[in-house]
Amino acid sequence: MAQPHRSAATDFDARSPGTSPAGRSSRLLRLGAPPVAATALTLTVALYMTLVAFGNITDFGTNQQFVQHVLSMDTTFKDPDLMWRAVESPALQNAAYVAIIVWETLAALVLLAASWFWITGLRRDAYDRARAASTVGLVMVLLLFGMGFLAIGGEWFAMWQSSDWNGLDAAARNVALAAFTLLVTHLPAVRRTDAQRT
């Protein structure tokens, strides 16, 4: 029985379905899929935390002053009812600052690993490891800037009263970015069919 004649164009489309108009359209649509957005956002937070940690390590003194002034409460209203909370020991101040840097570094490493899991997971439609690692790293960021800066620094040490050493706006931006990224990472992914994977 004679085989039906197939054109070169038909052979090309059969070998490379991703190059067909439908394949190109499918790839463009995937750029707006939640896993792609989660990859981009996680990588953004990972890069940010890496640069923050790197800056604090290589320029130790700048933010050391910030931590010292916040903990000593020397630029607040100096209300006697609050000043008993101040930490004036340089050793404790430096210990707190080093702990912050260590936390930032760990969060950056976790988020860099999560970014890699997202990138590799995009090829296989496998996102469990990426979501788990992203959740750990992003919660670390939320704890640092939410609990550490907004709650403890802002309220316990009355950072909101200081016009010179007030990091509340920056902390709020970081909390918002981490929270939004965490939300996006847990959006359901639309599974591709076998035809779409080729």
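The values are calculated or read from the model by the stated rules, or taken from the named source; none is laboratory data. Remember, it's a predicted structure, so these values are computed and weren't measured experimentally. With ideal geometry, Cβ positions are generated from the backbone for all residues, glycine too; neighbour counts draw on all protein chains shown. Surface accessibility is based on the protein's heavy atoms, side chains included, excluding ligands, DNA and RNA. Shrake-Rupley method; radii C 1.70, N 1.55, O 1.52, S 1.80 Å.
A few comments on the model shown:
- Residue in region 128-151 that is assigned to a helix (DSSP H, G or I), on the phi < 0 side of the Ramachandran plot and among the hydroxyl-bearing types (Ser, Thr, Tyr) present: yes
- Filtering region 66-80 to residues that are open to solvent by 30 Å² or more (accessible area, probe 1.4 Å), touching a residue at least 40 places away in the same chain (Cβ under 8 Å) and assigned to a helix (DSSP H, G or I) leaves 66, 69.
- For region 78-87, the set of residues classified as more than 33 Å from the chain's Cα centre (by Cα) and either within 19 Å of residue 61 (Cβ to Cβ) or of a type in the set (Asp, Glu) (or both) consists of 79, 81, listed by residue number.
- Set 136, 102, 141: member being open to solvent by less than 70 Å² (accessible area, probe 1.4 Å), of a type in the set (Val, Ile, Thr) and under 17 Å from the mean Cα position of the chain (by Cα): 141
- Enumeration of residues in region 57-74 that are acidic (Asp, Glu) and under 25 Å from residue 108 (Cα atoms): 59
- Residues located in region 154-173, provided they are in contact with a Leu (Cβ under 8 Å, 6 or more places away or on another chain) and part of a helix (DSSP H, G or I): 154, 159, 160, 168, 171, 172
- Reported count of residues in region 124-162, each being under 24 Å from residue 93 (Cα atoms) and at pLDDT below 95, is 0.
- Flag for residue 114 being open to solvent by less than 30 Å² (accessible area, probe 1.4 Å) and hydrophobic (A, V, I, L, M, F, W, C): yes
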